[in-house]
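Here the structure is laid out as structure tokens; the discussion comes afterwards.
The numbers here are math on the coordinates, done by the rules we state, and not lab data. As the structure is a prediction and not an experimental result, all values here were calculated from the model.
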Amino acid sequence: MKFEIARTKEVLTPISGLACVGTLVDKTNLKTWLNKVKLHKPCGPDIKNGDIATSYIGLLCQGKNDFDDIDPFRNDKFFIMSMKNKNIPSSPTLRQRMDMTGNS
């Protein structure tokens, strides 16, 4: 088998499978349901519960479970589009919100 190496101006990403994951999660209406959930502690309206959950799902689908792993994806257009998020949380926000949901 011969390989052809060529230059391209297209953006290549190692996380292309997230497009499928984001579509499947979107079909469950998970975000809509989670955005209606009220947590015991007030949290800022900037990042909705659905964006928190789908951001973490995106990490888990890559085999990453550390909250700090979210930081490289905060400005990754493909990650944002794939998970259909408006905002990607910072690692402290992701950690705090996930901790709050475990204690609700």
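Based on DSSP H runs of at least 4 residues, each adding -39500 (n - 2.57), what is the mean residue ellipticity at 222 nm of the chain after dividing by all its residues, to the nearest 500 deg cm²/dmol?
-13000 deg cm²/dmol
Normalised by the residues of the chain, what does the relative contact order come to in percent, with Cα pairs under 8 Å and at least six apart?
32
Kirkwood Rh and Cα-based Rg: tell me the resulting Rg over Rh for the chain, rounded to two decimals. Before the final figure, lay out the partial values.
Numbers: Rg = 15.8 Å, Rh = 14.8 Å.
Result for the chain is an Rg/Rh of 1.06.
Using 0.36 nm times the number of residues separating Ile57 and Asn35, minus their current alpha carbon distance, what extension gain do you get?
Gain in length upon complete extension: 6.4 nm.
Whole-Hz Karplus ³J(HN,Hα) for region 13-26, in order, using 6.51 cos²θ - 1.76 cosθ + 1.60 and θ = phi - 60°, x for Gly and Pro?
With the stated coefficients, region 13-26 comes to 9, x, 10, 5, x, 5, 4, 5, 4, x, 5, 5, 5, 4 Hz.
Mind jotting down the distance between the C-alpha centroids of region 1-58 and region 64-103, whole Å?
Centre-to-centre distance over Cα atoms comes out at 9 Å.
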